[in-house]
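Worksheet: one structure, shown below.
We did not get these values from a lab; they are worked out from the coordinates using the rules stated. It should be emphasised that the depicted structure is a prediction, and the values quoted were computed from it without experimental measurement. Positions of Cβ are backbone-derived with ideal geometry, glycine not excepted, and every protein chain shown enters the neighbour counts.
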Ligand SMILES: Cc1ncc(COP(=O)(O)O)c(C=O)c1O
């Protein structure tokens with residue numbers, strides 16, 4: 001029985017999978033000399049970069065921090081413009097606002113729920129700004145049409161950075177038909193990831209940025225640690241930093257205004273241990289998603305996210321689009337029936353242009369982004385996580401079928 005819900009063994013919409021090896025990895029760090037940012041960070045960063053096929057990874061304290069570090073590394077400010085989808089978690093757009101950059105939303109494709117490249121092109125032609133950045137979000141783990149977005153960005157002088165927080169372990173075919181993992185950052189400058197417990201792997205809280213650009217990686221690391229610089233070659237005031245040819249061991253310079261966005265070695269050890277099971281996690285997520293697709297295929301009131309050929313979703317979420325009007329039940333009533341049967345669901349997300357902050361600051365409101373709004377009216381995320389047993393999947397299927405067809 002769950003104390004909070006009063007339901008026997010409720011199945012959440014997402015949760016972490018922690019093994020004995022994960023626990024041991026964290027305990028080993030607790031017994032070591034380093035528990036803040038230390039050697040496990042370097043190992044986790046190398047393993048993550050290797051896993052996605054990028055040159056480097058910079059670990060940090062959350063996906064939100066990863067996105068903010070990206071905006072800082074790009075040097076964004078009030079004269080700059082950032083385009084993203086309204087169908088995302090708050091952090092994507094907020095990270096741009098942390099730098100005072102202007103946010104412009106771009107509607108989604110109604111089939112894939114991802115940023116629509118055609119609509120982005122229309123904005124890219126018109127929008128003005130000193131620096132222009134587009135942030136595609138791989139919604140629910142499905143990669144955006146990156147070759148198209150990259151091509152448009154190049155044509156109109158935009159920079160691309162990816163919000164891959166849903167999509168560690170996902171892949172797509174690039175313009176030459178080669179498989180590209182999200183995070184390889186082939187069609188972008190940098191990719192942000194989150195390691196929150198419902199994500200593909202977890203470090204408790206945590207995040208990272210992957211990139212192939214050493215200059216950006218160095219800026220990300222600098223902003224992660226209060227804007228400090230310890231590389232003697234970059235010292236602006238060597239008369240303080242150097243003792244002849246040798247750098248003073250205590251010395252660092254702060255050259256930009258940075259943050260404490262460091263990850264701990266405890267988290268990095270967990271992340272590295274989790275990363276070893278990433279492909280297993282994704283395989284299990286895919287199996288469950290395919291079971292759902294088959295089990296609900298005959299229910300005309302339901303639609304799923306379209307996965308185009310050549311795309312491999314990381315299946316972060318399984319979203320049902322349900323025609324609640326035709327069903328004659330509200331979403332709330334459906335959620336409550338499912339809850340009574342031990343199936344916990346969630347709604348991802350109220351489109352950001354309908355959040356009071358963005359309504360107030362951008363003057364946005366209903367009807368501005370019709371595809372995102374149509375999605376929102378029908379969306380319901382049902383449980384999907386690797387530790388779901390076959391009985392859990394069967395319970396979800398039965399409960400959903402009952403409430404939608406019963
Ligand atoms: C698309 C997206 N971007 C960014 C974030 C922020 O990640 P975090 O919660 O690790 O700060 C999330 C987290 O839920 C997310 O789903």
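What shape does the stretch 365-406 take by its C-alpha gyration tensor, where a ≥ b ≥ c are the square roots of the eigenvalues and a/c under 1.5 counts as rounded, a/b above b/c as prolate, and the rest as oblate? Verdict is oblate for the stretch 365-406. With the helix formula -39500 (n - 2.57) applied to DSSP H stretches of n ≥ 4, the chain reaches a computed 222 nm mean residue ellipticity of -11500 deg cm²/dmol. Once Rg and the Kirkwood radius are both taken over the C-alpha atoms of the stretch 25-73, their ratio Rg/Rh works out to 1.03. Each eigenvalue of the Cα gyration tensor of the chain, multiplied by 5 and square-rooted, gives one semi-axis; in descending order these are 37, 27, 18 Å. Between residue 240 and residue 43, the contour length at 0.36 nm per residue exceeds the alpha carbon distance by 67.7 nm.
For the chain, the longest principal axis of the C-alpha atoms and the axis of helix 265-275 are separated by about 50°. Sorting 138, 353 by the number of Cβ atoms found within 10 Å of their own Cβ, with the fewest placed first, yields 353, 138.
Remark: 190, 159, 254 ranked as 254, 159, 190, counting other beta-carbon atoms within 10 Å and listing the fewest first.
Under the rule a/c < 1.5 gives rounded, and otherwise a/b versus b/c splits prolate from oblate, where does the stretch 157-316 land using the Cα gyration tensor? Prolate. Hull volume per residue, based on the alpha-carbon atoms of the stretch 278-405 and their convex hull, is 140 Å³.
Listed from fewest to most Cβ neighbours within 10 Å, the set 126, 373 follows the order 126, 373. With the highest mean first, a sort of the peptides 233-245, 107-119 on other beta-carbon atoms found within 10 angstrom per residue produces 107-119, 233-245. In a solvent-free Debye calculation with one equal scatterer on each Cα, what is log10 I(q)/I(0) for the stretch 49-144 at q = 0.12, 0.16, 0.17 Å⁻¹, listed in the order of the q values? The Cα Debye sum returns log10 ratios of -0.40, -0.71, -0.80.
Rounded, prolate or oblate: which one fits the stretch 174-231, using the alpha carbon gyration tensor with axes a ≥ b ≥ c (rounded when a/c is under 1.5, else prolate when a/b beats b/c, else oblate)? Note, shape of the stretch 174-231 comes out oblate. Relative protection proxy for 73-82, 331-340, from highest mean packing down: 73-82, 331-340 (other beta-carbon atoms within 10 angstrom).
Per-residue extension of 0.36 nm, minus the Cα-Cα distance of residue 293 and residue 126, leaves a gain of 56.1 nm for this segment.
The modelled label-to-label distance between residue 360 and residue 98, using points 7 Å beyond Cα along the C-beta direction, is 2.0 nm.
In terms of packing, defined here as the mean over residues of other Cβ atoms within 10 angstrom, the peptides 256-266, 304-314, 49-59 line up highest first as 49-59, 256-266, 304-314. Looking only at 39, 214, 249, which one moves most when the chain is put into a Gaussian network model with springs between Cα atoms under 10 Å? Comparing 39, 214, 249 in the GNM, the peak value goes to 249. Over the chain, what is the mean sequence separation of C-alpha contacts under 8 Å (at least six apart), divided by residue count, expressed as relative contact order in percent? After rounding, I find 23 percent.
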